[in-house]
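Visitor: The structure under discussion is supplied below as structure tokens; questions concerning it will follow.
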Amino acid sequence: MRLNRLDLSRYGKFTDSVIDFGGRPATSPDLHIIYGPNEAGKSTTLDAILDLIFGIGSSSRYGFLHPYATMRIGASIEVAGQDREFVRIKRQQNSLLDGEDRPLAEGLIKADLGGIDRDAFTTMFSLDDETLENGGEGILASKGDLGELLFSASAGLSELSRQLLSIRAEADGFYKYRARSGLLADLKSKLAALKAEREALDVQASDHERLIGERDRLSRLYDEVIAERAGTQRRIDEIRHILHAMPTMARLLSSRERLAALLEVPEPPENWRQELPGLRKAEIEHLVKRRDISRSKSLVDDEAAGIAPDPVALRLALRMDELAELKARYTTAQKDIPKITARAAELSIESILLRLGKPGEASPTRLVLDAATVGKLRGLIGAKSGVDARAAAAADELAKIERLLAEEHSSAPQIETISPDKVKAFEYLAATMKSVPRSDDVVALRSIARRRDGSASALSEALARLLPWRDTADRLAAMTCPSAGRLENWKVLFKRGEELLWTAHGELERLVAESKRLDAEIEVVRRQVGEVDEANAVLVRADRERAWAAHRERMDAGTADSFEAAMRADDHLASQRLAHFSEIGKLNQLLQRQASVRSEIETGRDRERRALADIEEVKSAISEQAQKFAPGVAFSLDPSELEDWLRRREEALKSRDELLSVEQELGDAEDRVSRAKRTLMEAMSRVGVPFHQDAEIASLVAKAEEALDAFHAAVSSAQQIHRLQKEYVERQDAAERAARASRIWKTEWEEVCGGCWLGELGAIPNTGSVTEILSTLENLASAIDAREGLIDRIQKMEKDKAHFEKEVLEICGLLSIVPDRSANDLAQEIAERVRDAGLNEERREKLYGDLDSLRVDERQLQLSEEMFDARLRVMLDYFGVTTLAEVESHMEIAKQRRELSNTILDLEHELLQTTGAPAISLIEELVAAADRQELENELARLTPVLEDQDARCRDVFHARSNAEDALDAIGGDSKVAEIEEQRRTLLLEIGESAKRYMELRAGVAAAEHGLKIYRDRHRSGMMARASAAFKTISRGAYQGVAAQPGKDGEVLIAVSAAGGSKAANELSKGARFQLYLALRVAGYHEFVGNRGPVPFIADDIMETFDDFRAEEAFKLFAEMAQHGQVIYLTHHRHLTDIARKVCPAVRLHDLDVIGAQRQFDVVAAE
């Protein structure tokens, strides 16, 4: 199987996205990297591949963008040697389609999977962090889905394993060791029950006739008691019905009397009663509304007649806003003209000219400078401080550098010229100092020495624990000890022999006791019945036959007497056997059982001898092996004790290896210190530092550090002087630039001042004088502008006053107002006149509107009254009355009659239900003739009688039931024969089931043995591949993987390069993941070698891998890709670079590019 193209048409976040894997490469690896950042859709892509192959589940977490009904995945897949188009949609059935949306069989897309289901495919070929770790141990143990997949499915044995489990379950259903349930136990229980039932029938058969008579008598007695109780119960029920009917009948008669006393009126419709309150309310509302409308119309007419219109004032309302604005300007002008006139008079320009030194200036405007000149002056004034500051700073810095240079020259040490060779020599000395061991290394050297002593002591102790063996550690390491597999085989054989021996001993003890018991029982039976067993009967019959033969031959009195005696002896024996038939049968059974037990005793003794021989064989093998690797040493011949000795040997060898390692480390440390000392002395000689040849390395280091410090101080002083000289030149240049800038500023200042009236003052003013002059000129310009503005405002205000007065006089003429007051008072009167006219007009319009509303209400009221009269007329005519109150009275009477009629019907129905009488008249007669007191007395007498009869019925029924049970238990004459037939049938069933059980057990054992051999053979090859893969991924840090027996089976072990080992659960997470990946790689090669290639997909399983181990993992992926398609999904960009480095032919698929291509297609379509 291979994916050529994956179409994510509508799945998860994808819409019409396509991942094109291309065709299968001819020579290069078929390796693909799908890259995408977080949330790009890598996990979605992985799940899409699984859903495509195995179907979308009933609930999917990828239906958030596209509803379930529209989800669609497609692909071009190479399956069964040809390319085919598949489409998967979400549907309960027929969800797999071809390219033309026609249903396909599920087996077509899974043809190359060899029966693998979704879980197994996910666990082995579709990995993430969780599925990588899960099942790792199960690979080795052949447990779980993955183990079965590798060791069964690859060979087509998955169904065989399941069949074996089914067969084993069938066999366990018949019999399982130490189990209390099962078919055999059930059958044995049935046998015991049949035996007990037969014995009970044999004992109770004599009572059969007596039980039949007792049963018949009790049946007749029970029928009589039941009849008496039924009569009593009927009378009690009759009395109770009459007593219960008396109160009800009294209520019925009372209701009939009340109904007869009421006036007969027609029954109105049901909705009239609901309408009646509304009619009463409407009648009152109509009366009140009619009165209120008449009063309101009168008031509105009177008020409207009292309002006089003013049409002239209403027309002037549009000019009131303009008049109000003119009035505001008029008022402002009256207040501000005196103030502004005073302010204009207060402005004094002469004082400002005096401050400027220009008193009596004819044209003050001439003195105001233009903006360009003011800008230049202000710019030069602002730059003056910076120019002076830079000149002062440059001078200060120059003096400071001169002082520092002089001090450095006076304090610098007198050293010779520092040549390049001398510098190189000191650099070599500094580099040597970095590599020389410090005090920590010396301390470490002493620590290693202490560790060596501790390791030597531990080795001695470990060797002492190996008694009775005594020799050197080297001889111990040279031993050729038995392998773990051979030792485990010895342990299994020894344990099996001990178990067989123990079982044989226990069985012999039981059988011997059983044999003695049988002998005692046989002796007792023989004493009871005499010599009437089968053997004696055969001898007596043979004597009779010989006597008969002799008598026929001779036919004389002697032979006749002999034949008569033989006949009598045979008849006597036959009569004895008939008289003791059951004892003889029991004796025969005991003799048969005795023979069987003796045979089982011999078999048990044979098993005991074989078990002892097996144990001796194991001990002999252990002794022979022990003499090979430790001649003359008397080891214990128990495999467990030998295993314990070998474990102590391993501990001793570990102590030896640790001692050798520490000694090697100590020697290396001493060599490093010696080499460092020689290198340091050579470097000190090159720079001319004196030292003693036998000095400690610490003393040499101190002298070298002093020399280096002195050299570095001299070099630093020379560098400082050079830096100060360079900086002195720079400061001189800066001082010269500052002086030149000061001269340029002065020239520009003189030019600007000479170009305006400031040059007329004689001497050029300084910056302070010019600053004050500019400030004063600002006041002069402001005073000139202010005076001109005030004059303009006064003229405008005078115009506003004249315009307002003219407007007021004009409006006064229109309104016939006498202009005998001020303009403000006249304007106020005009405004009030116009406002009153507007208010009166609004009031008149509102009154006319209210009058129209009242007329509308009056018309609506009239319509409502007409409808009310029509509805009321119907009710009046129905009852034949004239008022609404009379209608209400008749409806109330009709209601009471209806309620009383219903009550009477309910009471009659209740009486009929209670008494069960066919007609109410019969009940009336029965109640009229009854005396309540007498009935209650009779009920009191019958109640205890009924209780006594109930007790009597229960007692008789119980006795009859016991008699019937006893009779049923005995049964007829054929019951015993039926039980015997059932017992023989059960025995036959037990025999056939036992035979079937043995056949199933033997078959399962043989098949499982064959499977174990197959799995062990394939596991060895897979373990070799896994070891090589793990060694590659770990870059040689681990030599491979192995397996050793554990408490619950085999345990996976990682073997390090140094020879140590760690259990898988003791490794770091990264190393453990690398181990499990190596197992999957080996499993993939195992599967592909047997079943053909399938895609291998992994989703960011290298999170815990460093770059180097990730590179090795990609090498393994590239090797796998030579046999089948490998797809790796990641969000780490650097892994794509590593993959390209390992496999240049790798194909990279970017999910961002795939999504962007879809967006471009959509834009183009739009």
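Values in this text are rule-based calculations from the coordinates and carry no lab data. Note that the structure is predicted; figures quoted are calculated from it, not measured. Note that we place each Cβ from the backbone using ideal geometry, even for glycine, and neighbour counts take in every protein chain shown.
Visitor: With a point put 7 Å past each Cα toward its Cβ, work out how far Q233 is from E257 in nm, to one decimal.
Guide: Going from the Q233 label point to the E257 one covers 4.0 nm.
Visitor: Sorted by packing (mean other beta-carbon atoms within 10 Å per residue), highest first, where do 13-25, 935-947 land?
Guide: Per-residue Cβ counts within 10 Å, averaged per peptide and sorted highest first, yield 13-25, 935-947.
Visitor: OK, next. Sticking with the crude label model, points 7 Å out along Cα→Cβ, report the distance from E39 to E865 in nm, one decimal please.
Guide: So the two model labels end up 7.8 nm from each other.
Visitor: Moving on. Would you mind getting me the FRET efficiency between D1137 and E981? Use the beta-carbon distance for r and R0 = 51 Å, nearest 0.05.
Guide: Plugging the Cβ-Cβ distance into 1/(1 + (r/R0)^6) gives 0.05.
Visitor: Also: Check the straight Cα-Cα distances from K801 and name the lysines below 27 Å, setting aside those fewer than 8 residues away within the same chain.
Guide: K327, K335, K339
Visitor: A further question on this structure: Listed highest first by mean packing, meaning other Cβ atoms within 10 Å per residue, what order do 277-286, 393-402 come in?
Guide: 393-402, 277-286
Visitor: Sticking with this structure for a sec: Which part of segment 936-970 falls in the paramagnetic zone of E224, meaning amide N under 18 Å from the point 7 Å along Cα-to-beta-carbon?
Guide: In segment 936-970, the label zone of E224 (backbone N under 18 Å from the point 7 Å along Cα→Cβ) covers 948-961.
Visitor: Also, quick follow-up: Suppose R0 equals 41 Å. What FRET efficiency, 1/(1 + (r/R0)^6) with r the Cβ-Cβ distance, do A406 and E706 give to the nearest 0.05?
Guide: Working: r = 30 Å, r/R0 = 0.73.
Computed FRET efficiency for A406 and E706: 0.85.
Visitor: Give me the extension gain from Q725 to V1088: residue separation times 0.36 nm, minus the current Cα-Cα distance, reported in nm with one decimal.
Guide: Values: separation 363, 0.36 × 363 = 130.68 nm, distance 8.06 nm.
Additional length available on full extension: 122.6 nm.
Visitor: With label points built 7 Å along Cα→Cβ from the Cα atoms of L922 and Y848, find their separation and express it in nm.
Guide: Simple spin-label model gives 9.0 nm for this pair.
Visitor: Further question: Nearest 0.05, what FRET efficiency do D310 and K281 give at R0 = 60 Å with Cβ-Cβ as r?
Guide: Once the sixth-power term is evaluated, E becomes 0.80.
Visitor: So if each residue of separation counts as 0.36 nm, and I subtract the Cα-Cα distance between V288 and D561, what length gain in nm does that give?
Guide: Result for the pair: 82.9 nm of gain on full extension.
Visitor: Rounded to the nearest Å, what's the spacing between the alpha carbon centres of segment 1083-1105 and segment 797-852? Just the number, please.
Guide: Cα centroid of segment 1083-1105 versus Cα centroid of segment 797-852: 104 Å apart.
Visitor: Which whole-angstrom value gives the distance between the alpha carbon centres of segment 863-904 and segment 1-58?
Guide: If you average the Cα positions of each part, the centres end up 86 Å apart.
Visitor: A further question on this structure: Working out 0.36 nm times the residue gap between R737 and R5, then minus their Cα-Cα distance, what length gain in nm do you get to one decimal?
Guide: Between R737 and R5, full extension yields an extra 255.9 nm.
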